[in-house]
Amino acid sequence: MRSIQLPDLQRLRTALAQSDALDAARFAARLQPDLGRALLARTGGLLDTAEALSVLGEPLRAPLSAELQAALEEIPAPPGEPGRREVWVRGVAALLLSPLAPSAEALPLPPENAEPLPLLATLSLPDAATRWTLGIDGALSRAGHTGQTRVTLAVGSWGAWLSARQLLSERYGAAVGGLESPIAVIMLEDAVNLLAAAWSWNISELADLLGGPLLLDGVEGLLPSHQSLVFDLTADVAEVFGVSVLLMGPAGVNAPGWSPLSPPGVTKERVAGEQTSTDGFGQDHASAHGSGAAPAVPEFPAVTSRSLNELAQTVSSGTEHTLVVLPSRGSAARLAALLPGSALWSSSLCPVHLGDLFLELKRKREAGARLVVVATSLPPAQLGPFDTVWHMDAPLPYLAEAWSFCAGSFRRLLFSDVALPSGWLPSMTLTHELLEHATPDQALNAYLRYSQDAPLPPGPSLHRLRDAQDYASLASALRLRPATSRPALVPYDAQARALAEAAEYSGHLPTSALRYAAWMTTTEAAVAIRQGHARSIGWALLWEAEYDLTYGLAGKMINETIHANSS
């Protein structure tokens, strides 16, 4: 099947500019029902099937121009397979809605020895920097062979986002940036949301993902139900739109039917050796810390109990670089308040703020100052290693990832004044059983196997929603960030304030604006609105109170606590 491309739709894009969106969709549905559904996105979004059929079944309000009728009639028919037909509708809608503004930067040339990515591939390497570099090299080569103009790398955390942007910017300069850039580095959750986009305010951004190879790093961290759907979605996107997809991770990425890569200079024996020597526990310690700087095999001592105040006293009395990882923004803010001079690394700070904090901490470390970082997610790898890592007891993959930041002592804790996330409890039971009866490397491998084979949780079947072409329901069900969180666009700098003005005018927050968003619980958001600190704009907030340039949205509470403790 020949993939559909923008030139196939160019005449239709021109003709639609002067037409009534709803009448065009109703007329198109008489020719091709799925084309009519794609055109419905111009009226607000892709609908679930029952609602779409009802809307499209209404009579036309006015005749269409001959030019538009001719343009509609020449659109190629969608694929017959249900999955490919489902992505055809969404992708055609995206290409028709997208402004497709050309980038000011050209896509860089790949290294001469880079092999083009196959259409569907996986890459498992412990060291993240090596994965990203090899993946981007292959993607650039693929794009050069196919005439595509974009490459997108999606990573699983803001720390990885900052690391990848810095790494790739050093190599490719101004070509690296957000979705508007030739080499885009975005969050994995944003990529997944765009792959299932249903509304006109975000579906147009899907066109950027369709502009060239798509690299997804960290897919093994998704829920099994989400992971399976993402594999199927991306495989169909690849076939329908000719977009190469590479799934990457530190351990084995299990995607049946995809091609495992053994890149030039990285033999299968070397990959296997790296995975054995690091046991799948994050990055290669030799490259991250220097030879001998960390134990070759992770050690997870028995869990000990403390209060936040007791931990603060222990950390305060030390002199070594220290990282403390806690499960929530609230607990991290409470500990940061007990450790004046520590850095808070959490979603209370917007990602651009975190990027500036990373540079500041890196300069402090290079100047010989001690670092104490209190985090809810791991900072960029370039900030490590840390001599001591304190981690609240957690499911094994969290411990494994944090261990890669440790060059000395790793401590597991339970707190008398911090609750474990309720969703962790089944995984914690499994973690404790495995660590009791196996070495850490054996335990992690067993944990990953169990997670892949575990029954799917109850709830609406994502595959069933997709098969039914219930676009709105699928987009809602596939959201990776819990519905208990809301983003708040903060006035961090002039660009953030300009984005806030644009969002207020348009009534929605584009994906690109999330780099200036801190996150709040729905309860916190309701309080902020009631106190006049923020205003609602759809699912997001516009923050109108002071934004603390040290602690972000947690600044008021932390500063008040520090002041009270010093009085």
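The values are calculated or read from the model by the stated rules, or taken from the named source; none is laboratory data. Bear in mind that the values here come from a model prediction, so they are computed numbers and not experimental data. Cβ coordinates were reconstructed from backbone atoms using ideal geometry, including for glycine residues, and neighbour counts include every protein chain displayed. Please note that ligands, DNA and RNA were not included when accessible areas were found on the heavy atoms of the full protein model with its side chains. Shrake-Rupley method; radii C 1.70, N 1.55, O 1.52, S 1.80 Å.
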**Report entry** Residue match in the stretch 458-466 (condition: open to solvent by 80 Å² or more (accessible area, probe 1.4 Å), more than 30 Å from Leu308 (Cα to Cα), assigned to a loop (DSSP other than H, G, I, E, B) and modelled with pLDDT under 85)
**Finding:** yes
Query raised in the report: Of all residues in the stretch 9-49, how many are in contact (Cβ under 8 Å) with a residue 40 or more places away in the chain and not in a helix (DSSP H, G or I)?
Result: 9
**Report entry** Residue that is under 19 Å from Asp467 (Cα atoms) and of a type in the set (Gly, Ala, Ser), where the choices are Gly57, Gly44, Gly91
**Finding:** Gly91
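Output the residue which, of all residues in the stretch 66-86 that are closer than 15 Å to Asp23 by Cβ and either at pLDDT below 90 or not polar (S, T, N, Q) (or both), is surrounded by the fewest Cβ atoms within 10 Å (Cβ to Cβ).
Within the stretch 66-86, the first condition is being closer than 15 Å to Asp23 by Cβ, and the residues that meet it are 66-69, 71-72.
Still in the list and also either at pLDDT below 90 or not polar (S, T, N, Q) (or both): 66-68, 71-72.
Values: Ala66: 9, Glu67: 14, Leu68: 23, Ala71: 22, Leu72: 23.
Within the stretch 66-86, the match that is surrounded by the fewest Cβ atoms within 10 Å (Cβ to Cβ) is Ala66.
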Query raised in the report: Among the residues of the stretch 388-406, is any within 20 Å of the chain's Cα centre (by Cα) and of a type in the set (S, T, N, Q)?
Result: no
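Can you give me the number of residues within the stretch 125-136 that are in contact (Cβ under 8 Å) with a residue 40 or more places away in the chain and open to solvent by 20 Å² or more (accessible area, probe 1.4 Å)?
5
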Requested in this report: Any chance you could count how many residues in the stretch 212-263 are out of contact with any helix residue (DSSP H, G or I) (no Cβ under 9 Å at 6 or more places or on another chain), in a strand (DSSP E or B) and either more than 11 Å from Thr122 (Cα to Cα) or open to solvent by less than 30 Å² (accessible area, probe 1.4 Å) (or both)?
Outcome: 0
Query raised in the report: Identify, please: which residue in the stretch 344-358 is surrounded by 23 or more Cβ atoms within 10 Å (Cβ to Cβ) and among the hydrophobic types (A, V, I, L, M, F, W, C) and is, among those, nearest to Ala402 (Cα to Cα)?
Result: Trp345
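Residue-wise test of (1) of a type outside the set (A, V, I, L, M); (2) touching a strand residue (DSSP E or B) at 6+ places or on another chain (Cβ under 6 Å).
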{"residue": "Glu74", "(1), (2)": "yes, no"}
{"residue": "Pro82", "(1), (2)": "yes, no"}
{"residue": "Glu105", "(1), (2)": "yes, no"}
{"residue": "Pro108", "(1), (2)": "yes, no"}
{"residue": "Asn113", "(1), (2)": "yes, no"}
{"residue": "Pro118", "(1), (2)": "yes, yes"}
{"residue": "Leu123", "(1), (2)": "no, yes"}
{"residue": "Thr130", "(1), (2)": "yes, no"}
{"residue": "Leu134", "(1), (2)": "no, no"}
Report summary line: Across the stretch 502-513, the tally of residues that are outside any helix (DSSP H, G or I) and over 24 Å from Ala154 (Cβ atoms) stands at 1
Query - Residue in the stretch 149-161 that is without any contact (Cβ under 8 Å) to a residue 24 or more places away in the chain, within 24 Å of Val240 (Cβ to Cβ) and either surrounded by fewer than 23 Cβ atoms within 10 Å (Cβ to Cβ) or under 17 Å from the mean Cα position of the chain (by Cα) (or both) present - result: no
Query raised in the report: Would it be correct to say that Leu179 is at pLDDT below 95, open to solvent by less than 10 Å² (accessible area, probe 1.4 Å) and either touching a strand residue (DSSP E or B) at 6+ places or on another chain (Cβ under 9 Å) or within 12 Å of Leu215 (Cβ to Cβ) (or both)?
Result: no
**Report entry** Search result, residues across the stretch 106-147 that are more than 24 Å from the chain's Cα centre (by Cα) and of a type in the set (D, E, K, R)
**Finding:** Glu112, Glu115
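Listed here are the residues, each with its yes/no results for (1) under 14 Å from Leu414 (Cβ atoms); (2) touching a Lys or Arg at 6+ places or on another chain (Cβ under 9 Å); (3) part of a loop (DSSP other than H, G, I, E, B).
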site: Glu299; (1), (2), (3): no, no, yes
site: Ala302; (1), (2), (3): yes, yes, yes
site: Ser305; (1), (2), (3): yes, no, no
site: Leu311; (1), (2), (3): yes, no, no
site: Val315; (1), (2), (3): no, no, no
site: Thr319; (1), (2), (3): no, yes, yes
site: Pro327; (1), (2), (3): yes, no, yes
site: Ser331; (1), (2), (3): yes, no, no
site: Arg334; (1), (2), (3): no, no, no
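Kindly evaluate Trp543 against the criterion of being touching a residue at least 60 places away in the same chain (Cβ under 8 Å), closer than 26 Å to Asp356 by Cβ and within 24 Å of the chain's Cα centre (by Cα).
Working: touching a residue at least 60 places away in the same chain (Cβ under 8 Å): no; closer than 26 Å to Asp356 by Cβ: yes; within 24 Å of the chain's Cα centre (by Cα): yes.
Judged against the criteria, Trp543 is not a match.
What about Leu396, is it crowded, with 20+ Cβ neighbours inside 10 Å and under 22 Å from Tyr551 (Cα atoms)? Give the derivation first.
Details: crowded, with 20+ Cβ neighbours inside 10 Å: yes; under 22 Å from Tyr551 (Cα atoms): no.
In short, no.
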Report summary line: For Leu489, the lone unmet condition from (1) modelled with pLDDT of 90 or more; (2) open to solvent by 30 Å² or more (accessible area, probe 1.4 Å) is (2)
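Can you tell me which residue in the stretch 514-547 is nearest to Ser157 (Cα to Cα), limited to those that are in a strand (DSSP E or B) and open to solvent by 20 Å² or more (accessible area, probe 1.4 Å)?
Within the stretch 514-547, the first condition is being in a strand (DSSP E or B), and the residues that meet it are 517-521, 534-537, 540-543.
Next, from what is left, pick out any that are open to solvent by 20 Å² or more (accessible area, probe 1.4 Å): 521, 535-536, 543.
Details: Thr521: 19, Arg535: 27, Ser536: 26, Trp543: 23 Å.
Filtering the stretch 514-547 for residues that are in a strand (DSSP E or B) and open to solvent by 20 Å² or more (accessible area, probe 1.4 Å), the one nearest to Ser157 (Cα to Cα) comes out as Thr521.
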Query - Pair list, Cβ < 6 Å and 6+ apart or interchain, from the stretch 177-206 residues that are under 24 Å from Tyr505 (Cβ atoms) and of a type in the set (Phe, Trp, Tyr) to residues that are part of a helix (DSSP H, G or I) and open to solvent by 10 Å² or more (accessible area, probe 1.4 Å) - result: none
Query raised in the report: Which one is nearest to Thr431 (Cα to Cα), of the residues in the stretch 370-407 that are touching a Cys at 6+ places or on another chain (Cβ under 7 Å) and outside any loop (DSSP other than H, G, I, E, B)?
Result: Val389
**Report entry** Selection count, the stretch 359-369, where residues are surrounded by fewer than 17 Cβ atoms within 10 Å (Cβ to Cβ), in a helix (DSSP H, G or I) and over 22 Å from the mean Cα position of the chain (by Cα)
**Finding:** 6
Query raised in the report: Out of Ser409, Ser316, Ser377, which single residue is of a type in the set (S, T, N, Q), open to solvent by 20 Å² or more (accessible area, probe 1.4 Å) and over 26 Å from Leu553 (Cβ atoms)?
Result: Ser409
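Somewhere in the stretch 201-211, is a residue in a strand (DSSP E or B), more than 12 Å from the chain's Cα centre (by Cα), aromatic (Phe, Trp, Tyr) and farther than 22 Å from Leu354 by Cβ? Let's see the steps before the verdict.
Pass one, the stretch 201-211, residues in a strand (DSSP E or B): none.
The answer is no, given that none of the residues of the stretch 201-211 is in a strand (DSSP E or B), more than 12 Å from the chain's Cα centre (by Cα), aromatic (Phe, Trp, Tyr) and farther than 22 Å from Leu354 by Cβ.
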